[in-house]
Amino acid sequence: MSSSDYGSHTWELLLTVDHQHEDVPKEFLLPVTGDLHIGGLMLKLVEKINVSQDWSDYAFWWEQKKCWLLRTHWTLDKCGVQADAKLFFTPQHKMLRLRLPSMKTVRLKVSFSAMVFRAVNDICKTLNIRRPEELSVLKQSGDTLKKKKKKDKNNKEPVTEDILNLCNSPVSSGLPANPGLYSKTMTPIYDPVSGSPASSTITWFSDGSVTDQNCSVLALSYPGCSAEMLAEMYQPRSLADKAKLNAGWLDSSRSLMEQGVLEDDQLLLRFKYYTFFDLNPKYDAVRINQIYEQARWAILLEEIDCTEEEMLIFAAIQAQYHVSKMSLSSEAQDSTCESEVDEVEAALSNLEVTLEGGSTSNILEDITDIPKLADNLRLVRPRKLSLKAIKSYWFIFRDTSISYFKNKESAQGEPIEKLNLKGCEVVPDVSVAAKKFGIKLLIPVADGMNEAYLRCDNEDQYARWMAACVLASKGRTMADSSYQPEVQKILSFLQMKNMSSQATSDPDNVDMKPECFVSPRYTKKYKSKQLTARILEAHQNISQMSLVEAKLRFIQAWQSLPEFGLSYYIVRFKGSKKDDVLGVSYNRLIRIDMATGDPITTWRFSNMKQWNVNWEIRQVAIEFDQNVSIAFTCLSADCKIIHEYIGGYIFLSTRSKDQNETLDEELFHKLTGGQE
């Protein structure tokens, strides 16, 4: 050290830069002073690196203190940075793998410097999930992974995980998400019956973060769990095992990096708070599906107890959902999207050729033609004083009307009668066992209703004509995008009817895998054909449900279970000599005997006066009305998790439909943050 430097305030600070340039060093030693602010340090470092790139997402991470230096106007002295500090200059947004409730893994960029509450908010905007305050992320505990690792050792073939990559979405890039997602006056973006995206034009003309195809992946349930797959997954056998499932919730008031999460780690995204507010099929297809999936896996893995009868009801609803979904398979979605795009491209080409004075092909000119059906059907006309008259005619279905002729050759002339189906009632008259496929039409006329019965020859013909009649009654034609899904839905319904009739006569021939719909306990208790017959018997009452209706019914049945919404923790109450289990719900706390599982005491949030945490001894203390007070320490998790649960449920109880959907983040942190 020279004599001029002796006694000066300058000292050297070692900085490590996270970059991908091989010819540029990663470590830099900069002379600094204590009054240099963080922003000035960034500027000096970038000038020293001398590489032209966007550094706007970079910030300093202090390794020893496990904290970000985000206040760029603070000086090094104020931050407490000294010469022995290890500072990493690294991007704030990094790749993260998230396992959704549907067991689908998505990979996207997430802010590792923002509080988890805000990071989850951004993730939900990327995934088109409203009400992000109901969700959070958790680390899967080591105990739940032990069984999987043992099973993996026995597997000779490595399993490749299917990951949905969303790294190019606006939120993943650090940009604000499309605010239209949360607008109350927006156009519905999902079909309220099927849950599929309403139209491909959404992705053409908006800056939505998830494409139509990805919406379909996240909004639809894909079964595929076998009995072997379920057996490999972690299944809690006791209250203590259930407590392990809730030990890994991350602190919403701290960032991912501060809690030891590294780039490309995998976390679980789950609904943490069981108060599902304002579920709307028009906007919440992804949200409803993920709630349904979380409920489904909770039932299958026996994370929540239910009776045998309740299990069969859950199985029947799942069976109905997957029968309905056969009409909306991913292949059908892809072909529909491709055909819509092809039609638009063809129309643009047609316009271009027309403007240039050329001629287009007949195929392009027929793009706007409305499809028609033409078949030999039997018409049944009820007569007042005689038997029904059944006669075969040549029928043509065009637009929203049915015309019939004496035969195919006379179809060029005037029809015998033309039936306008707009506003009519369409009633199926089907018996699969008797090979009877009829359509009853109640057509409104001036003096009442005219009745007409159409008899089809087979299932395919019935599905095509029935779908056309249903759409026509709503004023829609076969050119509507919902026609083909409607046909597939009717065929699936007929298939299930066929399975039901087979089950009563010969359950062995029914093509159904009941182990996909019930927990392993029941697959061990009953034979496959017995389960199939019992599921189909329960299914008959709900066979008309649509996709979204089936999921909502499943969620409602899940919510009606006695243990719904309870998150378990092992605690030691003050003055007690043994451990107990504390169940935390949306409106109450329950003390449960760990040995027997019997509830001992219940305290309701409505009677709670205040709660606080002694952070030194990690003890939660709560005061209720009538001078009732309790105190406990948490043994299976950090006490901050229970503290956040209580504050989170109180925060969610303040929501109302009158207010807009912007979150009061400050209030949430006041109720859940604590003063450590």
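The values are calculated or read from the model by the stated rules, or taken from the named source; none is laboratory data. These numbers were taken from a predicted model, which means no experiment stands behind them. Cβ atoms come from the backbone with ideal geometry, glycine included; neighbour counts cover every protein chain shown. Heads up: the accessible areas ignore ligands, DNA and RNA and are worked out on the full protein's heavy atoms, side chains in. Shrake-Rupley method; radii C 1.70, N 1.55, O 1.52, S 1.80 Å.
Brief remarks on what is shown
- Solvent-accessible area of the stretch 567-673 (1.4 angstrom probe, protein heavy atoms only): carbon and sulfur portion equals 45 percent.
- Taken one residue at a time, the phi angles of the stretch 570-586 give Karplus couplings (6.51, -1.76, 1.60, θ = phi - 60°) of 8, 10, 10, 6, 4, x, 9, 9, 10, 7, 10, 10, 10, x, 10, 10, 5 Hz. Gly and Pro are set to x.
- Normalised per residue, the accessible area of the stretch 371-478 is 56 Å², obtained with a 1.4 Å probe and no contribution from ligands, DNA or RNA.
- Measuring nothing but protein heavy atoms, the accessible surface of the stretch 255-310 at 1.4 Å probe radius is 45 percent carbon and sulfur.
- Projected label distance in nm at A433 and D457, using a 7 Å step from Cα toward the beta-carbon: 2.6 nm
- The stretch 371-478 - percent of accessible surface contributed by carbon and sulfur, probe 1.4 Å: 47 percent
- Placing +1 on each Lys and Arg Cβ and -1 on each Asp and Glu Cβ, with no other charges, gives the stretch 10-91 a dipole about its Cα centre of roughly 320 debye.
- Computed over the Cα atoms of the stretch 10-91, the ratio of the radius of gyration to the Kirkwood radius (Rg/Rh) comes to 0.93.
- Cα-derived Rg to Rh of the stretch 371-478, Kirkwood definition: 0.94
- Extension gain from Q495 to D241, taking 0.36 nm per residue of separation minus the Cα-Cα distance: 87.4 nm
- Highest to lowest packing among 281-293, 480-492, scored as the average C-beta count within 10 Å: 281-293, 480-492
- Simple Cβ-charge dipole of the stretch 371-478, Lys/Arg +1 and Asp/Glu -1, about Cα centre, in debye nearest 20: 180 debye
- Ordered from highest to lowest accessible area with the whole protein assembly present and a 1.4 Å probe, K66, K527 read as K527, K66.
- Charge tally around G34: other residues with Cβ under 12 Å, Lys/Arg +1 each, Asp/Glu -1 each, net -1.
- Amide H partners (placed H, <5 Å) of Y526, local residues excluded: none
- Antiparallel bridges, percent of DSSP beta bridges restricted to the stretch 567-673 (to nearest 5): 100 percent
- Count Lys and Arg as plus one, Asp and Glu as minus one, and take only other residues whose Cβ is under 15 Å from that of T602; the net charge is then -2.
- The modelled label-to-label distance between D35 and L373, using points 7 Å beyond Cα along the C-beta direction, is 8.6 nm.
- Given charges at Cβ of Lys, Arg, Asp, Glu: the stretch 385-463 dipole, positive-most of N420, Y393, N450: Y393
- Dipole of the stretch 10-91, positive end: most advanced residue of L76, P25, Y58 [Cβ charges, Cα centre]: L76
- Each label point was placed 7 Å from the Cα along the Cα-to-Cβ direction; for T10 and K66 their separation is 3.7 nm.
- Vicinal HN-Hα couplings computed from phi for the stretch 26-36 (Karplus, 6.51 cos²θ - 1.76 cosθ + 1.60; Hz; Gly/Pro x): 9, 10, 9, 10, 10, x, 9, 10, x, 8, 6
- Our estimate of slack between D593 and F277, defined as 0.36 nm per intervening residue step minus the Cα-Cα distance, is 110.6 nm.
- Cβ-based net charge around P101, under 13 Å, with every Lys or Arg adding one and every Asp or Glu removing one: +4
- Accessible surface calculations at 1.4 Å, restricted to protein heavy atoms, place the stretch 10-91 at 58 Å² per residue.
- Of the residues H93, H19, ranked by 1.4 Å probe accessible area with the largest first, the sequence reads H93, H19.
- Peptide packing for 513-525, 52-64 was compared via the average number of neighbouring C-beta atoms within 10 Å per residue; ordered from the highest value, the list is 513-525, 52-64.
- Rolling a 1.4 Å probe over the protein chains gives I630 an accessible area of about 20 Å².
- Solvent accessible area, Å² - D122, 1.4 Å probe, full protein context: 50 Å²
- Taking a point 7 Å from the Cα of V51 along the Cα-to-Cβ direction, the residues of the stretch 70-101 with backbone N closer than 19 Å to it are 87-95.
- Alpha-carbon centroid distance for the pair the stretch 514-539 / the stretch 48-71, whole angstrom: 56 Å
- By accessible area with a 1.4 Å probe, ligands and nucleic acids excluded, highest first: order of R130, R97, R118: R118, R97, R130
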